[in-house]
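**Q** I am attaching a structure below and will ask some questions about it afterwards.
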Amino acid sequence: MAKSSSSGLIGVAYLPHGTMLLDPNREDLPNGVKSLHLTCMKISEKIAELNPDLIILLTPHGINLHQAINIYQPGVLDSTASGNAEWNNNWIDYSVDVKLDGETCQDLYLYLKQNLQRVEGMLAFCGFNVPLRWGEVVPLYFTLYQLVLKTKTNNNSTLKNISIQSKPKVIIIAQPMKGTTTEERNSYIEEQRTYLVKFGRLIRSWCNKSSQRILLVISGDQAHTHAWSSQLPTIYQPDPTCFSKFPQCGTEHSKLFDEIIHDWITGKRSNSETNLYKLDEKLIINEAGNIEKFALSCGYVGSLTMQGIMENDLIQNRIDDSSKPIEPSSYWLLTNFISSCPTYYGMMAALYIRNFE
């Protein structure tokens, strides 16, 4: 696709889904949450400037299928998706209500079905509303916040209920789980690396044929096995039934995993002599992939898909100095990035924007 085109895939946002990010005014917030919230809001401002026609959301916590991609409501007209961000009986008042694009979704579904194994479509009973939870509500909240705020007469108000019934419409895809048995999980953990990268390539090729301005949003958090303090309010601690899975002392792999993802996103390990880099497949597939089963990152499936979407594209990292000249040969501009670990799981936010100059 020619760089001068303003349609197709215009941006890729990687957003966390920790509910603690929604309200920066809570008095009990862990360290790092306010900075994450601020970056997510800056990303929201840039998304509003991009003014997408269509948002494709990839979620690891939706209505998932074992080892199959699940696309919501292909071919169902006038379908909506809504829900709140409730977690530990908090954040119930934060909600999202969006219009699904059943027609465009069916086109994407058929395209993927022809080119990829294990692609399914979910149809809600009689086309009823599709439920959303925090894995979709939190990233959609930040994605749409500034777009909705622009339509309000009082821009000083704080929005808790995000509702968009026209543009942009939304397509939601739930990423696959890892199987029902230990044997299935172990084999699929290896296989899904290739599978999800291919899925990303197909998403990209489909977007390239579209006349719409498309924003891809990846919902995901990083390693869930960081050390955490018992002094934190219980709503920020793991559920007591999961203490064996998320030990208070953490694991040696959690920090390393998040550092690898950080380096992969920002091109920190790039050996390029220019100011440009590409997403390093070895980092995400080999280094991160070999320890993910210890780090336990729900965002890893989205990262693999992102590798396929953006592979071989030149990226310019502009997060430290947005005033420096844009490299003409760059395809993507990394405009925002933050990585932090307020509690037992790490969170990251990043935005890539197409270079149309």
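The values are calculated or read from the model by the stated rules, or taken from the named source; none is laboratory data. Not measured: the values here are computed from a predicted model. Cβ sites come from the backbone with ideal geometry, for glycine too, and all protein chains shown count toward neighbours.
**Q** Given the condition within 22 Å of F128 (Cβ to Cβ), out of contact with any strand residue (DSSP E or B) (no Cβ under 7 Å at 6 or more places or on another chain) and acidic (D, E), answer yes or no: does some residue in the range 6-28 qualify?
**A** No: zero hits.
**Q** Within the range 330-342, does at least one residue satisfy the condition of being touching a residue at least 12 places away in the same chain (Cβ under 8 Å), surrounded by fewer than 21 Cβ atoms within 10 Å (Cβ to Cβ) and not in a strand (DSSP E or B)?
**A** yes
**Q** Considering only residues that are under 17 Å from the mean Cα position of the chain (by Cα), closer than 24 Å to Y300 by Cα and not in a loop (DSSP other than H, G, I, E, B), which ones fall in the range 59-96?
**A** T59, I69, N70, I71, Y72
**Q** When only residues in the range 265-291 that are closer than 19 Å to Y14 by Cβ and basic (K, R) count, which is surrounded by the most Cβ atoms within 10 Å (Cβ to Cβ)?
**A** Looking at residues that are closer than 19 Å to Y14 by Cβ and basic (K, R), I get K278.
**Q** Restricting the range 13-61 to residues that are of a type in the set (S, T, N, Q), touching a residue at least 40 places away in the same chain (Cβ under 8 Å) and surrounded by fewer than 21 Cβ atoms within 10 Å (Cβ to Cβ), which is farthest from F337 (Cα to Cα)?
**A** Out of the qualifying residues, it is N51.
**Q** Identify the single condition in (1) at positive phi; (2) without any contact (Cβ under 8 Å) to a residue 40 or more places away in the chain; (3) under 19 Å from the mean Cα position of the chain (by Cα) that L296 does not satisfy, given that it satisfies every other one.
**A** All conditions pass for L296, except number (2).
**Q** Right, next: If you take the residues in the range 237-278 that are free of Cβ contacts under 8 Å to residues at least 40 places away in the same chain and small (G, A, S), which one is farthest from G18 (Cα to Cα)?
**A** S272
**Q** Moving on to the next point. Looking at R269 and the list (1) farther than 18 Å from H226 by Cβ; (2) assigned to a helix (DSSP H, G or I), which single condition is not satisfied?
**A** With (1) farther than 18 Å from H226 by Cβ; (2) assigned to a helix (DSSP H, G or I) applied to R269, the lone miss is (2).
**Q** Given the structure, is W134 over 24 Å from L351 (Cα atoms), crowded, with 19+ Cβ neighbours inside 10 Å and touching a strand residue (DSSP E or B) at 6+ places or on another chain (Cβ under 8 Å)? Before you say what the answer is, go through the steps one by one.
**A** Values: over 24 Å from L351 (Cα atoms): no; crowded, with 19+ Cβ neighbours inside 10 Å: yes; touching a strand residue (DSSP E or B) at 6+ places or on another chain (Cβ under 8 Å): yes.
It is false that W134 is over 24 Å from L351 (Cα atoms), crowded, with 19+ Cβ neighbours inside 10 Å and touching a strand residue (DSSP E or B) at 6+ places or on another chain (Cβ under 8 Å).
**Q** Could you count how many residues in the range 212-222 are small (G, A, S) and not in a loop (DSSP other than H, G, I, E, B)? Lay out the reasoning, then the answer.
**A** At the first step, the residues of the range 212-222 found to be small (G, A, S) are 219-220.
Right, trim to not in a loop (DSSP other than H, G, I, E, B) and you get 219.
Count: 1.
**Q** Right, next: Condition test on I285, is it part of a helix (DSSP H, G or I), touching a helix residue (DSSP H, G or I) at 6+ places or on another chain (Cβ under 9 Å) and over 24 Å from L57 (Cα atoms)? Full working, then the answer.
**A** Details: part of a helix (DSSP H, G or I): yes; touching a helix residue (DSSP H, G or I) at 6+ places or on another chain (Cβ under 9 Å): yes; over 24 Å from L57 (Cα atoms): no.
Criteria not met by I285.
**Q** Please find, within the range 270-304, the residue that is nearest to S244 (Cα to Cα) out of those that are of a type in the set (G, A, S) and in contact with a His (Cβ under 8 Å, 6 or more places away or on another chain). Can you show your working first?
**A** Just the residues of the range 270-304 that are of a type in the set (G, A, S), to begin with: 270, 272, 288-289, 295, 297, 299, 302-303.
Among the residues that remain, those that are also in contact with a His (Cβ under 8 Å, 6 or more places away or on another chain) are: 295, 297.
Values: A295: 13, S297: 16 Å.
Checking each candidate, the answer is A295.
**Q** Let me ask another. Within the range 233-258, restricting attention to residues that are surrounded by fewer than 17 Cβ atoms within 10 Å (Cβ to Cβ) and outside any loop (DSSP other than H, G, I, E, B), which residue is modelled with the highest pLDDT?
**A** Here the residue is L256.
**Q** For the range 62-79, which positions are surrounded by fewer than 19 Cβ atoms within 10 Å (Cβ to Cβ) and within 21 Å of N161 (Cβ to Cβ)?
**A** Selection gives D78 alone.
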